[in-house]
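Q: This is the structure I have questions about; it appears just below.
The values are calculated or read from the model by the stated rules, or taken from the named source; none is laboratory data. Only a predicted model underlies this, so the values are computations on that prediction, with no experimental measurement involved. Neighbour counts are summed over all protein chains in view; Cβ atoms, including those assigned to glycine, are modelled from backbone coordinates with ideal geometry.
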Amino acid sequence: MNAYQIIFYILAAFILGTAILSVTSRKIFRSAIWLLFALIGIAGLYFWMEVEFIAAVQIVVYVGGIVVLIIFSIFLTQQSGKEMQRPPLMRMIASALAVLFGFAFAAVLIHQQGFAGYDGEFLDDMDRIGNALISTGDYGFSLPFEVVSILLLAAMIGCIVIALKAPFKSAPKGET
C-alpha cells in the first residue's frame, strides 16, 4: 500500500465518520457542524484527485454558502439549543436494515458491472469548465444551479416563517 492509497483511506474514513456523526447527533447544531466537516473532507478528496477548481467550488458553495445558510436557519428556530428526541427502536432497526440493504445492493451492482479504468487525459481547463457552468444547452449546468437556488430560497423563507410564528396559546377556560 502506497502513500496515495493511505491518504485516500484516511480521507474516506474522515468523511464517513463525520457523516455518521452528522446524522446521529441528537443536537441539531452539532449535526450541522459535523456536516460542515464532512463537506470539508469531500473538498479534501477533490484536492487529492488534483481537481483544484471543483475543490474550491466545494468549499465556497457548500461549506461557505449552504452550511452557513443551514446554521443560520437553525438559529432562527426556537429549538436551536434543545436536544432532539431519541428515535423509537423500530425506526432504528428499520434504518439499520435499510443501510445494510443499500450496501448489499451496491455490492451486487459493483460485482455485476465492475469498474472500467479510464486511461485518457482528464480535461480540467478553466475555459471548458466556465463555459459548462454558464451554458444552458447540452452539458450545461445553468439550470441545475438555478433550481438549487430556488430550493434554498424556499427553505430559508420556510425557516423564517417557522421562526417568526408565535407559539400557540389557548385561552383559559371560561374566557373567549
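Q: So how many residues does the range 103-132 have that are surrounded by 10 or more Cβ atoms within 10 Å (Cβ to Cβ) and within 24 Å of residue 55 (Cα to Cα)?
A: Of the residues in that region, 6 qualify.
Q: Which residue is farthest from residue 155 (Cα to Cα), if the candidates are limited to the range 55-78 and must be at pLDDT below 80 and among the hydroxyl-bearing types (Ser, Thr, Tyr)?
A: Ranking the candidates gives 77 first.
Q: Give the residues of the range 8-24 that are within 17 Å of residue 99 (Cβ to Cβ) and not aliphatic (A, V, I, L, M), sorted by residue number.
A: Passing the criteria: 17, 18, 22, 24.
Q: Another question about this same structure. Being in contact (Cβ under 8 Å) with a residue 60 or more places away in the chain and assigned to a helix (DSSP H, G or I) is the filter here, so list the residues in the range 73-114 that pass it.
A: 73, 76
Q: Here's something else I'd like to know. Just to be sure I understand, how many residues within the range 12-32 are surrounded by 16 or more Cβ atoms within 10 Å (Cβ to Cβ) and either at pLDDT 95 or above or of a type in the set (Val, Ile, Thr) (or both)?
A: 4
Q: Continuing with the same structure: Does residue 85 fit the bill of being in the same structural domain as residue 24 (by TED's automatic domain parsing), surrounded by 14 or more Cβ atoms within 10 Å (Cβ to Cβ) and not charged (D, E, K, R)?
A: It is false that residue 85 is in the same structural domain as residue 24 (by TED's automatic domain parsing), surrounded by 14 or more Cβ atoms within 10 Å (Cβ to Cβ) and not charged (D, E, K, R).
Q: In the range 1-60, which residue that is under 21 Å from residue 73 (Cβ atoms) and touching a residue at least 40 places away in the same chain (Cβ under 8 Å) is nearest to the chain's Cα centre (by Cα)?
A: 32
Q: Moving on to the next point. Is the range 161-171 home to any residue that is hydroxyl-bearing (Ser, Thr, Tyr), modelled with pLDDT under 75 and more than 30 Å from residue 77 (Cα to Cα)?
A: No: the range 161-171 contains no residue that is hydroxyl-bearing (Ser, Thr, Tyr), modelled with pLDDT under 75 and more than 30 Å from residue 77 (Cα to Cα).
Q: Could you grab the pairs with beta carbons closer than 8 Å, sequence gap of 6+ or different chains, first residue in the range 133-160 and outside the structural domain of residue 69 (by TED's automatic domain parsing) and surrounded by 10 or more Cβ atoms within 10 Å (Cβ to Cβ), second one β-branched (Val, Ile, Thr) and part of a helix (DSSP H, G or I)?
A: 140/134; 142/134; 152/66
Q: Can you tell me which of (1) part of a helix (DSSP H, G or I); (2) loosely packed, with under 13 Cβ neighbours inside 10 Å is the one residue 50 doesn't meet?
A: For residue 50, the failing item is (1).
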